[in-house]
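Below you'll find the structure, written out as structure tokens, and then a few comments.
The values are calculated or read from the model by the stated rules, or taken from the named source; none is laboratory data. Worth saying up front: this structure is predicted, and the values here are computed from it rather than measured. Cβ coordinates were reconstructed from backbone atoms using ideal geometry, including for glycine residues, and neighbour counts include every protein chain displayed.
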Amino acid sequence: MRLTLERRTQAGMWASLASPILAVVLTLVFGALLFSLIGIPPLAALTVYFLSPLADLWALEELTVKAAPLILIALGLAPCYLSNNWNIGAEGQLVMGAVAGSAVAIATHGQGHGSYIVWLMLAAGVLGGAAYGLIPAVLKARFGVSEILTSLMLVYVADLLLDYLVRGPWRDPKGFNFPTSVSFGLEARLPGLSETGRLHPGFFLMLLAVALLAFMLARTLKGFEIRLVGEAPRAARFGGFDDKRLTLFVFALSGALAGLAGIIEVAGPIGNLQPTISPGYGFTAIIVAFLGRLNPFGILIAGFFLALTFIGGENAQIALRLPLDVTRVFQGLLLFFVLACDTLILYRLRVTREGAPA
Amino acid sequence: MTGVGTQDSGDQPLLAASAISKRYGSLLANDAIDLAIRPGEIHALLGENGAGKSTLVKILYGLIAPDSGQIIWQGAPLVLSGPAEARHHGIAMVFQHFSLFDTLSVVENVALALPPEPVAALSERVYRVSREYGLDLEPGREVWRLSVGERQRIEIVRCLMQNPKLLILDEPTSVLSPTETSGLFRTLEAIRGEGRSVLYISHKLEEVRVLCRSATVLRHGRKVASCDPSRESAASLARMMVGEDIHDVQVKPHRGDGAERLGVRQLNLASPDPHGTSLVDVSFSVRAGEIVGIAGVAGNGQDELFSALSGEVSSLPETVCIDGQAVGAKGIVARRELGAAFIPEERLGHGAAPGFTLSENVLVSQHGKQGFVRRGVLDRAALRDCLAAIRQRFDVRAGEIDPPARALSGGNLQKFIVGRDIMGAPRLVIVAQPTWGVDAGAAAFLRQSLVDLAEQSGAVLVISQDLDELFELSDRIAVLSRGRLSPALPRGQQTRESIGLMMGEAMREVAHAPHA
């Protein structure tokens, strides 16, 4: 007996849909197993994780707040991954977007500017994220440095810079020595759109980005180029597409969207700069991108699912006194199963007997 | 020499396969195939690409298990669990793509396939065996310094050292120069003379007629004939393989007094690949209305030359001129805009993206043309119309209207790619291996398309390893060897022998250069 992977002649439509669903189911099963191992009734735990965030209006709003940055970032990662550019530094690009945008808010703080300031901040966030994303891209295109390493390591550089800024030059003088910047004025905040004030325009920016990315990937020459470079790099060169310029483009795009997510977080729910402004959105978005099959609409759905684990994790912390790390375990399980199930889309598992009948 | 079997055990076949079937999904690769090989014969397995030859020999070598059917080996049923068991029974195989470690020496590569034994003794044996069969080899040389022909000799020696009763060779001459081919034939005769059997897979009919006294012909997974190839004509064998008469290409002589469309002057290009071939002082031209052929054994700079001409690799501006314009430093899109079209050797992955549909693959090389992209947005309807036109004019056969490129057979995919790039009647076409691995019917069609193009005063450059093809098509032929190009002389002034000699000279130089 041996197991072999046999390439499918044509990847079935059903398999593309079934694979992420199977991955989610397997994650739930293994999650339940994990809970029972640490002595917590698995059904109750799963209820807290995956159903309680859907139970009331506040939680649903919170879901959109958490899903928006995840989806924005994952939308930027999709063109990267489709074209074999492995940007795993979205977390750092998010931080730099937030820093660049906040620079505008802090520089104009208390000078009585109008609400155009927040739009300037968004623009600065986009540029800051894009510029930071271009660093690994230039290193890759120019010197052949692995973008996997550089983009990841630049995350820690960005984190340390943010930490330095809020403890040093940008610390609020009236902040009782807490390591935070000044609280942004109203002109530098995204307006709340609901009674609780949690739902903000970032959510709609995200929906707009989904539509734009979907159009770009499916209908434009740029989208074609992105898919072609990933599918057959030699054919892309034969077509006359410049893969180095494309590397710069997708990293800039990805950085821009991550930066936008970062400044939306700061100008929206948070309201000032703090040493930590993201619970790891930039890394979780990698899972979102793959769970959504690198397709903008798939990413939209996957983003909500992973937002659920963030809120469920917080709820579980309160209700079950579980450490927040369990959320990470869940996300890790999910990525693992997504990648495993994806293999089943492209390949068929075959059991072959040694010495088959002649 | 000690024989492993006696020639007069005549009637009992060494190997008899009956009703072998193998299915891959919806494709029946082998459909109840019978095959009998007698001791001491060179048996040809003929068929077009996709006829099921490779599947059948992989079954005989134990690489894949058949769905049904039986193999009788020396009178007893044989069930193979894998190649190791096949070798144990005395079945050895030389693949089209060699499995050698480039950085190891000849003897080290042989040692890997054999039970452990001291290297000195093994070197001695390798030397002896290679002499005995006329397979010149220096046991101590590293593989990367050797020519393709020499690498093949290692594979054959490695098989012979296991004392096989049946040696399977998969398309062995596809990589050899004419001189090397006749050397191989002498070796095979020597092997046969010892009572060993050879299963010789090929679609080169002339070779089979010279070498083999029995043949099994496959078409679409079925056995359609057994015959004695020496009593058949190449045309009758081709008919068995294809099932229809092949039309000869109609060539009208004397063209090529038109204007220079492609001019290459002193093109020097260092290959980035350490095992690649650098181009040295390559100069030639192609005029409107003529077909120029570039002959040569693979690995003598063909890939490098194609990339330099297409613009995938750039060179000094003046070294490549299209219609008198210096384009050496320009990219492939700019060269296409000047009316050039390029058809690379490798179809899947270079000429076409395997997972993309054909209409998307139209876009790969045609996105610069008007009508397919407006303000950056694709016009998918226009692409589908273009595909339909290509499919009709170039007879591209496929199950669906717009299937992914990898679903097409080699011949149909090549017809699509050639069609895509010459639909717009380009002024200059540069094509590498236009009919490599393509069935005879499609090959004739493709060659005719190139001839027609030249007749409409297009300029055509064909880079090919197939001398028959070059003699059929070209007005002038040059030989590329070790990155240097001989002058392109009119076809009438050259013979297969004169060209083979130029190719062979190069091979000898490679073999004896202290540092290649």
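Given the residues B:84, B:19, B:29, which is the only one that is among the small types (Gly, Ala, Ser), in contact with a strand residue (DSSP E or B) (Cβ under 8 Å, 6 or more places away or on another chain) and surrounded by fewer than 20 Cβ atoms within 10 Å (Cβ to Cβ)?
Result: B:19 is the single residue among B:84, B:19, B:29 that is among the small types (Gly, Ala, Ser), in contact with a strand residue (DSSP E or B) (Cβ under 8 Å, 6 or more places away or on another chain) and surrounded by fewer than 20 Cβ atoms within 10 Å (Cβ to Cβ).
Which of the residues spanning the stretch B:454-502 are assigned to a helix (DSSP H, G or I) and crowded, with 23+ Cβ neighbours inside 10 Å? Matches in the stretch B:454-502: B:454, B:470, B:473, B:499. Summed over the stretch B:414-447, residues that are closer than 18 Å to residue B:468 by Cβ, assigned to a helix (DSSP H, G or I) and touching a strand residue (DSSP E or B) at 6+ places or on another chain (Cβ under 8 Å) total 0. With respect to residue B:312, determine if the residue is within 13 Å of another protein chain (Cβ to nearest Cβ), touching a helix residue (DSSP H, G or I) at 6+ places or on another chain (Cβ under 6 Å) and acidic (Asp, Glu). Yes: the conditions hold for residue B:312. Annotation: of all residues in the stretch B:64-113 being more than 13 Å from chain A (Cβ to nearest Cβ) and small (Gly, Ala, Ser), the one that is farthest from the chain's Cα centre (by Cα) is B:75.
Of the helices (runs of 4 or more DSSP H) lying entirely inside the stretch B:73-138, those carrying at least 1 residues that are over 22 Å from residue B:197 (Cβ atoms) are B:106-111, B:119-132.
On the stretch given as the stretch A:261-276, residues that are over 13 Å from residue A:129 (Cβ atoms) and among the β-branched types (Val, Ile, Thr) total 2. Sub-8 Å Cβ pairs linking a first residue in the stretch B:347-359 that is at the interface with chain A (Cβ under 10 Å from one of its Cβ atoms) to a second residue that is charged (D, E, K, R) and buried (at least 20 other Cβ atoms within 10 Å of the Cβ), at least 6 apart or interchain, are B:353/B:360; B:356/A:227, ordered by first then second residue.
Residue-wise test of (1) among the hydroxyl-bearing types (Ser, Thr, Tyr); (2) within 16 Å of residue B:448 (Cα to Cα); (3) not in a loop (DSSP other than H, G, I, E, B).
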site	(1), (2), (3)
B:383	no, no, yes
B:386	no, no, yes
B:391	no, no, yes
B:396	no, yes, no
B:399	no, no, no
B:402	no, no, no
B:406	no, no, yes
B:412	no, yes, yes
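Counting only helices (runs of 4 or more DSSP H) that sit wholly inside the stretch A:232-321, those with at least 2 residues that are away from chain B (no Cβ under 14 Å) and closer than 22 Å to residue A:204 by Cα are A:243-265, A:281-291, A:296-319.
Please go through the stretch A:153-178 and pick out each residue that is within 26 Å of the chain's Cα centre (by Cα) and either aromatic (Phe, Trp, Tyr) or surrounded by fewer than 19 Cβ atoms within 10 Å (Cβ to Cβ) (or both). Scanning the stretch A:153-178 gives A:153, A:156, A:157, A:159, A:160, A:161, A:163, A:164. Criterion first (at pLDDT 90 or above and within 14 Å of residue B:290 (Cβ to Cβ)) does residue B:420 satisfy it? Against the criterion (at pLDDT 90 or above and within 14 Å of residue B:290 (Cβ to Cβ)), residue B:420 does not qualify.
How many of the residues in the stretch A:210-231 are away from every other protein chain (no Cβ under 12 Å) and either closer than 25 Å to residue A:139 by Cβ or surrounded by 20 or more Cβ atoms within 10 Å (Cβ to Cβ) (or both)?
So in the stretch A:210-231, the residues away from every other protein chain (no Cβ under 12 Å) come out as A:210-214, A:226.
Then drop every residue that is not either closer than 25 Å to residue A:139 by Cβ or surrounded by 20 or more Cβ atoms within 10 Å (Cβ to Cβ) (or both), which leaves A:213, A:226.
Count: 2.
From the list B:124, B:142, B:155, B:138, the lone residue that is over 27 Å from residue B:53 (Cα atoms) and in contact (Cβ under 8 Å) with a residue 40 or more places away in the chain is B:142.
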